[in-house]
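Enquirer: Below is the structure I would like to discuss, written out as structure tokens.
The values are calculated or read from the model by the stated rules, or taken from the named source; none is laboratory data. The structure displayed is predicted, hence computed values, not measured ones. Virtual Cβ from ideal backbone geometry, glycine too; neighbours counted across all protein chains shown. Quick note on the areas: whole protein, heavy atoms, side chains included, nothing else; ligands and nucleic acids left out. Shrake-Rupley method; radii C 1.70, N 1.55, O 1.52, S 1.80 Å.
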Amino acid sequence: MSTRDLFTLHNSHFRIGVGLTAAILIVTAIGGFIVLPFAQPWVQFANVWDAICSAAGLPQRAASVTAPEQTRRLSEVVLTSNTLARPSQEAIGRGATLAQRCAICHGPTGVSRADSPNLAGQYAAVIYKELLDFRSGARSNAVMTPFATNLTDQEIADLSNYYAYLPRLPAYHPTPQLPKPNIVIYGAPMRGIAPCGSCHGSLDNKAGSPWLEGQSEAYMKAQLQAFASGERRNDISQQMRNIARAMTAQEIEQAAAYYASQPPDVVKAVD
Amino acid sequence: MLANRKLILAHFWLAFAVFGIALTLGAWQIFIRSPIGTWLSNPELYYRSLTAHGTVMGYVFPTLVAMGFGYAISESALEQRLVGVRWAWAGFWLIVTGSIMAVIPVALGRASVLYTFYPPLIGNVFYYLGVVLVVVGSWIWVALMSINLRVWRKAHPGEPVPLAMFANVAGSYLWAWTAVGAALELLLQIIPVAAGLKATIDAGLARVFFSWTLHAIVYFWLMPTYIAYYTIVPRAIGGRVYSDSMARISFILFLVVAMPIGMHHTFADPQVGAGFKFIHSAFTALVALPTLLTVFTICASVEIAARLRGGRGLFGWIRALPWDNPMMLALAFSFVMLGFGGAGGLINMSYQLDTSIHNTQWITGHFHLIFGGAIVIMYFAIAYDLWPHLTGRELTNLRLIRTQLWLWFIGMIVTTFPWHWVGILGMPRRMAYFDFGDPAIAPQALSVTFSVIGGFILLASGIIFIVILARGMRAPQAEAGPYRFAMAVHQPITVPVALNTHALWVALMIGLTLTNYGYPILNLALSEGTSVPAVYVGAQ
Ligand code: HEM
Ligand SMILES: [Cu+2]
């Protein structure tokens, strides 16, 4: 006998093998696509086809459930590791001119004397995202929003490139360098908190996460509290809100104090 | 007839060398994050090590064992010189090249993405290219196994294919097809992003592709072990295989039902429809069948050996077994670990129960017990059994071999039982650090400490294993005779074509993959807006 005789209905192995497999498939499909969907009393289906589509994972505009009303804008910025990579000299020059109006708060060298964030040497993608969010309303601030509202895409990119280009200077809050607190290097695994350092530097850096060394302690604390309360919500997929909500008040203090006490030259250079 | 001993030895030695390194990393991992280790304040180092450990233990080590053993089976079961020796060496060198290519970025911390790749996390492109080379090298082996069988069939028309070769080729086909999932994920999704051609990735689709590979790869790891159960153990302890047909049916069942069940790894994933999860779950239940058949057949085969040695009574025969024979010991240990691991597996495969242990240390406990325990202990047994035939020298120190097997068994139980336990208590897996000073997990410090002790017992056993093999290369010469496989009680004279060829079962395997994966893959691939920006390891 050759394999040619195998693939015929005369061969009992073929009949049984294919028949059993098909039978199991059909029974399980009926179970998974019809019986089980209707066995869930809390879900309503218009008809059998509706149930099948739902069980197949077809994205649906569910007729019965209305999407929750989105009262506030969310961030729509898409960042990749290549966002604003390799800027031209002209772009940086244009950014320098534009940046004069930012200097009152963020300092002429990009280092703030008030409790505004330092921008000198910050990653371009970070400044870019925040400016876009201020402009769209995803993030709002009485002082910043009016500045950002009228910026064009080009201007935002130029500003980001300019500040990223500036050298990282020591901040104006000279405190002795503090040791790394647990939350920064370990996170809190049992509460689902990844280490701060796994995105914000010290351990690793992820696109869109600012480096924090030398930032104002008061500013960082305020931001963490705003994330925790949900007042600030321009973090994509709630990355920071989920973390800040789970942090204790003491951990917020420690993280802010630690990063504020670090000199910015420990930040790894941008590739 | 083992003509290409160098080829087979090269595969085994490379396998056990990388195994030794990865084992050391494993012991370090479990120690460094335990209450008795002093934490080094850098989780990145932990994930580097974990990526290397998982990649070697999951891809490189078992693949090399299956390949080396496969070549040995082809030559000795078919009594025919290996056709395509040059290709076999080419496959070997591809694996060497791929492993080196992958390990460099991992060691430099540029690819700490873990062996499951974890998209949208993206590491250095050479890591993925290295893995691809390893897979391509193994595909050469698949082709050679198929070709060698075909050559043999031409010369022996209508004769039953020896069981060992039948199973070996079934395993190679299973691997060829299951590796396609990860290959698609790497080639279509991850490598374009890692090479900078794209900046976004459909992480959900990538996970579905990976699940295509992730379950059946387990059965690929398992194949050498099951082949050893059926074709080495009965011969080594002086028994016979209870049923040749039952053995063939088990291997055929693996071929058909190991593939269409991988979505049990995506129970918690929102991008897969619940209906498909149910189908995969139901088919998963079927995969217990070939294992139950195997346990039954092997127990019966062992009983035959015991009764031939004069064993009596309902259970009295167990005492008549050759317990000082390492093969007997390995089989018993393997079955005990398979039993516990299988019981745990029933929990993993149930949609509802799975949610309580999903992504906890229970999972790592589970697969170390099954894979590192039940499967790997038989890899040791295979090596011990083949070594005299490969080296032309005798392994004399049976007592050391028994000690090694005992240590592996004890070490694995001591490591994995507490590991399961802390998983039930909710300890997450793939975590670099636990603060055992926190009252919430302080009571688990004791269990974790036991696991560490078990880890070091395992490391000791691994070292002894390598020492035994190395010493075996220098022992006095002794002709071991031809390498033989176990005979069945009724040696088959003719076998129905369905049980002598793979075509029907391969067709069912592919067919079920299409029915169970086709729609979910197309749905995700064709839907807009399912991609997310890649997250590059060490990007800034
Ligand atoms: C000394 C013995 C071993 C020890 C102490 C050990 C320890 C570990 C540890 C601590 C992890 C990480 C789990 C986590 O992060 O949650 C791990 C993962 C893993 N181990 Fe082992 N291991 C050992 C032997 C083995 C063996 C023999 C194999 C298989 C042949 C194996 C395969 C794996 C795999 C595939 C992973 C998954 C990696 C991942 O989650 O990305 N290990 N091992
Ligand atoms: Cu699985």
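Enquirer: Once the Cα atoms of helix B:61-77 and of chain B are each reduced to a long axis, what angle between those two axes, in degrees from 0 to 90 to the nearest 10, is obtained?
Expert: Roughly 20 degrees, rounded to the nearest 10.
Enquirer: Moving to a separate point now. Tell me the per residue accessible area of chain B using a 1.4 Å probe; a whole number in Å² is fine.
Expert: 36 Å²
Enquirer: Using a Gaussian network for chain A with springs between C-alpha atoms less than 10 Å apart, which of these wobbles most: A:GLY208, A:GLY192, A:GLY121?
Expert: A:GLY192
Enquirer: Name the long-range amide H neighbours of B:THR200: under 5 Å, sequence gap of 5 or more, or other chain; modelled H, no Pro or chain starts.
Expert: So B:THR200 has HN proximity to B:ALA534.
Enquirer: Which whole-percent values make up P(r) of region A:182-266 when all C-alpha to C-alpha distances are grouped in 10 Å steps starting at zero?
Expert: Per 10 Å bin, starting at zero, the Cα-Cα P(r) for region A:182-266 comes out as 18, 57, 24, 0 percent.
Enquirer: Oh, and also: In cubic angstrom, how much convex hull volume per residue do the alpha carbon atoms of region B:289-372 span?
Expert: So the per-residue Cα hull volume is 108 Å³.
Enquirer: With a 1.4 Å probe on protein heavy atoms only, tell me which residues of region B:183-201 lose at least 20 Å² of accessible surface in the complex relative to the chain by itself.
Expert: In region B:183-201, residues shielded by partner chains: B:ALA199.
Enquirer: For a quick check of your reading of the filter: which trypsin sites (Lys or Arg not before Pro) in region B:431-500 sit in a DSSP loop and have no more than 11 other Cβ atoms within 10 Å?
Expert: B:ARG474
Enquirer: Regarding region B:438-540, what's the average projected area of the Cα-atom convex hull, expressed in nm²?
Expert: In nm², the orientation-averaged hull projection of region B:438-540 is 18.9.
Enquirer: Continuing with the same structure: Give the angle, between 0 and 90 degrees and rounded to the nearest 10, that separates the Cα long axis of helix B:163-184 from the longest principal axis of the Cα atoms of chain B.
Expert: Value to nearest ten degrees: 10.
Enquirer: Let me ask something else. Accessible area drop of at least 40 Å² (1.4 Å probe, protein heavy atoms): which residues of region B:267-304 qualify, relative to the chain alone?
Expert: Residues passing the criterion (a loss of at least 40 Å², heavy atoms only) are B:GLY275, B:PHE278, B:ILE279, B:PHE283.
Enquirer: Just the Kirkwood number for chain B, please: inverse of mean 1/r across all distinct Cα pairs, in Å, one decimal.
Expert: 23.9 Å
Enquirer: Moving on to the next point. Residue by residue, what Karplus-based ³J(HN,Hα) values in Hz, rounded to whole numbers, does region A:218-228 have, using 6.51, -1.76 and 1.60 with θ = phi - 60° and x for Gly and Pro?
Expert: Values, residue by residue: 4, 5, 5, 5, 4, 5, 4, 5, 5, 5, 5 Hz.
Enquirer: Evaluate the distance, in nm, between pseudo-label points positioned 7 Å from the Cα of B:ILE36 and of B:SER350 along their respective Cα→Cβ axes.
Expert: Once both label points are built, they end up 3.5 nm from each other.
Enquirer: Once amide H atoms are built 1.01 Å from N in the peptide plane, which residues 5 or more positions from B:ILE122, or in another chain, come under 5 Å H to H?
Expert: For B:ILE122, whose amide H was placed from the backbone, the distant partners under 5 Å are B:VAL535, B:TYR536, B:VAL537.
Enquirer: I would also like to ask the following. Over the alpha-carbon set of region A:92-244, work out the extent along each principal axis and list the three values in angstrom, largest first.
Expert: Cα extents, longest axis first: 47, 34, 24 Å.
Enquirer: Ignoring ligands, DNA and RNA, what percent of the 1.4 Å accessible area of region A:182-266 is carbon and sulfur?
Expert: That fraction is 51 percent.
Enquirer: Right, next: Please report the carbon-and-sulfur percent of the accessible area for region A:3-56; probe 1.4 Å, protein heavy atoms only, DNA, RNA and ligands left out.
Expert: C and S fraction of accessible area: 71 percent.
Enquirer: Taking only Cα atoms, what is the 0 to 90° angle, nearest 10, from helix B:274-286's long axis to the longest principal axis of chain B?
Expert: So the helix axis and the longest Cα principal axis differ by about 20 degrees.
Enquirer: Ignoring ligands, DNA and RNA, what accessible area per residue does region A:89-165 give at 1.4 Å, in Å²?
Expert: Solvent-accessible surface per residue comes out at 45 Å².
Enquirer: Out of every Cα pair in region A:89-165, what percent are spaced more than 16 Å from each other?
Expert: Roughly 44 percent, rounded to a whole number.
Enquirer: For A:ASN118, which sequence-distant residues (separation of 5 or more, or a different chain) have an amide H within less than 5 Å of its own amide H, given hydrogens modelled in the peptide plane?
Expert: Those qualifying (amide H under 5 Å, at least 5 residues apart or on another chain) are A:SER112, A:SER216.
Enquirer: A follow-up question, please. Have a look at chain A and give its Rg and Dmax from the Cα atoms, expressed in angstrom.
Expert: Cα radius of gyration and Dmax of chain A are 27.5, 91 Å respectively.
Enquirer: Karplus couplings for region B:448-460 from phi (6.51 cos²θ - 1.76 cosθ + 1.60, θ = phi - 60°), rounded to Hz, Gly and Pro as x?
Expert: The phi angles translate into 5, 4, 4, 4, 4, 4, x, x, 6, 4, 4, 4, 4 Hz.
Enquirer: Can you give the helix-only mean residue ellipticity at 222 nm for chain A, where every DSSP H stretch with n ≥ 4 adds -39500 (n - 2.57) and the sum goes over all residues, rounded to the nearest 500 deg cm²/dmol?
Expert: Using -39500 (n - 2.57) per qualifying helix, the result is -12500 deg cm²/dmol.
Enquirer: Need one number: % antiparallel among DSSP beta bridges in the protein assembly as shown, to the nearest 5.
Expert: 65 percent
Enquirer: Okay, moving on. Do you know the relative contact order of chain B, to the nearest whole percent, from alpha carbon pairs under 8 angstrom that are 6+ apart?
Expert: 21 percent
Enquirer: Scattering from the C-alpha atoms of region B:141-200 alone, worked out with Debye: what is log10 I(q)/I(0) at q = 0.17, 0.26 1/Å?
Expert: The Debye formula, applied to the Cα set alone, gives -0.65, -1.00.
Enquirer: Ok, one more. Quick one: work out Rg over Rh on the C-alpha atoms of region B:315-426, Rh as Kirkwood radius.
Expert: Value, to two decimals: 1.09.
Enquirer: Once you mark the GluC sites (Glu not before Pro) that are in a DSSP loop and have at most 15 other Cβ atoms within 10 Å, what is the longest gap between them in chain B?
Expert: That would be B:80-393.
Enquirer: When the C-alpha atoms of the protein assembly as shown are aligned to their principal axes, what extent does each axis show, in angstrom, from largest down?
Expert: 95, 65, 51
Enquirer: Would you jot down the residues in region A:184-226 that end up with at least 30 Å² less accessible area in the complete protein assembly than in the chain alone, with a 1.4 Å probe?
Expert: A:ILE185, A:TYR186, A:PRO189, A:MET190, A:LEU203, A:ASP204, A:ASN205, A:LYS206
Enquirer: Hey, what's the per residue convex hull volume over the C-alpha atoms of region B:1-119, in cubic angstrom?
Expert: Enclosed volume per residue, from the Cα hull, is 114 Å³.
Enquirer: At q = 0.12, 0.13, 0.22 Å⁻¹, what log₁₀ I(q)/I(0) does a Debye calculation on the Cα points of region B:150-252 give, no solvent, two decimals?
Expert: -0.58, -0.63, -1.10
Enquirer: Mind grabbing the interface size between A and B? I mean buried accessible area, both sides, 1.4 Å probe, in Å² to the nearest hundred.
Expert: 3700 Å²
Enquirer: As a test of understanding, state the convex hull volume per residue of region A:3-56 from its alpha carbons, in Å³.
Expert: Given the Cα convex hull of region A:3-56, per-residue volume reads 81 Å³.
Enquirer: Return the carbon/sulfur percentage of the accessible area of region B:164-250, one whole number, probe 1.4 Å, all protein chains in place.
Expert: The value for region B:164-250 is 68 percent carbon and sulfur by accessible area.
Enquirer: For every helix of n ≥ 4 consecutive DSSP H residues, a contribution of -39,500 (n - 2.57) applies; sum these over chain B, divide by its total residues, and give [θ] at 222 nm rounded to the nearest 500 deg cm²/dmol.
Expert: -22500 deg cm²/dmol, from helical runs alone.
Enquirer: Can you work out the Karplus-derived ³J(HN,Hα) for every residue in region A:232-242? Use 6.51 cos²θ - 1.76 cosθ + 1.60 with θ = phi - 60°, whole Hz, and x for glycine or proline.
Expert: 9, 8, 9, 7, 5, 6, 6, 4, 7, 4, 4
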